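Below is one structure, written out as structure tokens; comments come after it.
The values are calculated or read from the model by the stated rules, or taken from the named source; none is laboratory data. Only a predicted model underlies this, so the values are computations on that prediction, with no experimental measurement involved. Note that we place each Cβ from the backbone using ideal geometry, even for glycine, and neighbour counts take in every protein chain shown.
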Amino acid sequence: MTNDLINKYDLRVPRYTSYPTAPHFNEGVNGAVYKKWLSELPQGTPLSLYFHIPFCDEMCWFCGCYTKIVKRYDPVKEYLGALLAEIDLVADALPGRFSAKHLHWGGGSPTMLKGEDWLAIMTKLRDRFDVTDDAEVAVELDPRTATEDYVRELQLAGVNRASIGVQSYEPKVQEAINRIQPYETTKQVIEWLRAHDITRINMDLMYGLPFQDTAEIERMVDLTVDLQPNRIALFGYAHVPWMKSHQKLIKEETLPDAAERWKQFTLAVERLKALGYVQIGFDHFAHPDDSMANAVETGELHRNFQGYTTDSAPAMLGFGASAIGYLPQGYVQNEQPLKAYSQAIYSGVLPAARGIELSADDKLRRDIIERIMCDLTVDLADVCKAHDFEVSTLTDDVAKLAPLSADGICTVDDTRITVSEDGRPFVRLVASAFDAYLGSGQGRHSKAV
């Protein structure tokens, strides 16, 4: 990839963990609409459940998530009470008892919960939902605050997958992003997890951080692979200080330019592949015997707010402040301010604040974008037929691919769109050709690479 092309495509586009994307949600989807949508959910629909814990004990300056810094447990305890009450409100709105096969906790830092909190949540969930025996129960875990006793309590609560945020092992980089986490700390927590039968391990790495260079990236990849995680996510740091004011604490002159980011990304990708990991989409990697690697082979890979996933549930219910969920009718996002979230719940109202109802065109484009993001190829005629659309509906969208095709990023063969291997890092750009909303809100997205 030449520097000219790197600079040409150094653009901000969505990550497409949903379509339409969150900047296009509106206040027309509120608690009453959400309640109606829940009541219409067909019996037997398998569910995925997501829980947002919006607390940390200190702010990582690179973070783009919704979180609050707390030094006491009391706010966490109060929040837990509201979360448990929300579970009851949602379960009451459903037209019966539903099963859940995927449960995921994110943040913030779910590690802010105490061991007994996990037991309380899981007891409540099993009381209101049929959590399947083979359910994946995944938790984002901060190694800096975890102890072996805490890991043991997670295992007792039924947790069987842990996602470990690393970002970088280099002390200078860690200091620049305000996240001091020695390699030995991460290694110790992973050993505890495996000792207590939590053997499915994900790890998150980042490139494009302050002071990073290719030598540090190679060392980071090698140290991570030594820990033998099942899955690895490789994220490019998104510097958006106009959206996240704490990112202003990162000095822009310490950040790599587009060409250096590209070098870091390509080195990490090639190194991970050389060490035996299968590339998933554009930024995930899986051990060859992991279910995600198998999903790529069978065409059953999906994409949701956790990124690439094997979760095929047609409905995800989001719990907690700012949590996003989806149902067949559309997307729903909860109130973000903690006070507004709690007030809604204790008033007996579902805390939905915004979202979007999906049109037939939205559903068509969502499926096209997901297949491009997951499979790197899509037959537009097949997807249009499944949605009862004429393929000519997409003529103008296909025309947008002409420059990408000319630069070798994708090919257009009749109705078949295919992302080239060299174009894989730019798959979001190919997908964006089918995004009918992209004309507004572009500045709110991260760079393509």
Worksheet item: Looking at the stretch 262-282, which of the residues that are within 25 Å of K8 (Cα to Cα) and over 21 Å from the mean Cα position of the chain (by Cα) is surrounded by the most Cβ atoms within 10 Å (Cβ to Cβ)?
Response: Q264
Discussion item. Within the stretch 325-339, does at least one residue satisfy the condition of being hydrophobic (A, V, I, L, M, F, W, C) and either without any contact (Cβ under 8 Å) to a residue 60 or more places away in the chain or touching a Cys at 6+ places or on another chain (Cβ under 6 Å) (or both)?
Written reply: no
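Residues that are touching a residue at least 12 places away in the same chain (Cβ under 8 Å), assigned to a loop (DSSP other than H, G, I, E, B) and in contact with a Ser or Thr (Cβ under 9 Å, 6 or more places away or on another chain): does the stretch 47-58 have at least one?
The answer is yes; a qualifying residue exists.
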Discussion item. Can you confirm whether Y79 is within 30 Å of R428 (Cα to Cα), in contact (Cβ under 8 Å) with a residue 40 or more places away in the chain and in the same structural domain as K172 (by TED's automatic domain parsing)?
Written reply: no
Response to the item:
Considering only strands (runs of 3 or more DSSP E) wholly within the stretch 97-196, the ones with at least 1 residues that are surrounded by fewer than 17 Cβ atoms within 10 Å (Cβ to Cβ) are 99-107, 130-141
Discussion item. Just to be sure I understand, how many residues within the stretch 235-256 are in contact with an Asp or Glu (Cβ under 9 Å, 6 or more places away or on another chain) and either surrounded by fewer than 12 Cβ atoms within 10 Å (Cβ to Cβ) or in contact (Cβ under 8 Å) with a residue 12 or more places away in the chain (or both)?
Written reply: 4
Discussion item. Suppose the filter is touching a strand residue (DSSP E or B) at 6+ places or on another chain (Cβ under 6 Å) and at pLDDT below 95; does G423 pass it?
Written reply: yes
Practice prompt. Go through the stretch 202-244 and give me each residue that's β-branched (V, I, T) and at pLDDT below 95.
Written response: V240
Worksheet entry | Lone unmet requirement of (1) under 23 Å from V240 (Cβ atoms); (2) of a type outside the set (F, W, Y); (3) touching a Pro at 6+ places or on another chain (Cβ under 7 Å) for Q43 | (1)
Item to complete: Name the residue, out of R231, R200, that is crowded, with 17+ Cβ neighbours inside 10 Å, of a type in the set (K, R) and either outside the structural domain of E136 (by TED's automatic domain parsing) or touching an Asp or Glu at 6+ places or on another chain (Cβ under 7 Å) (or both).
Response: R231
Discussion item. Looking at A344 and the list (1) over 19 Å from R15 (Cβ atoms); (2) surrounded by fewer than 21 Cβ atoms within 10 Å (Cβ to Cβ); (3) in contact with a Gly (Cβ under 7 Å, 6 or more places away or on another chain), which single condition is not satisfied?
Written reply: (2)
Worksheet entry | Flag for E270 being in contact (Cβ under 8 Å) with a residue 12 or more places away in the chain and either of a type in the set (D, E) or not assigned by TED's automatic domain parsing to the domain that holds E175 (or both) | no
Fill in: Any chance R366 is more than 17 Å from L401 (Cβ to Cβ), assigned by TED's automatic domain parsing to the domain that holds V419 and not hydrophobic (A, V, I, L, M, F, W, C)
yes
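Would you check if S48 is among the polar types (S, T, N, Q), more than 25 Å from the chain's Cα centre (by Cα) and modelled with pLDDT of 95 or more?
no
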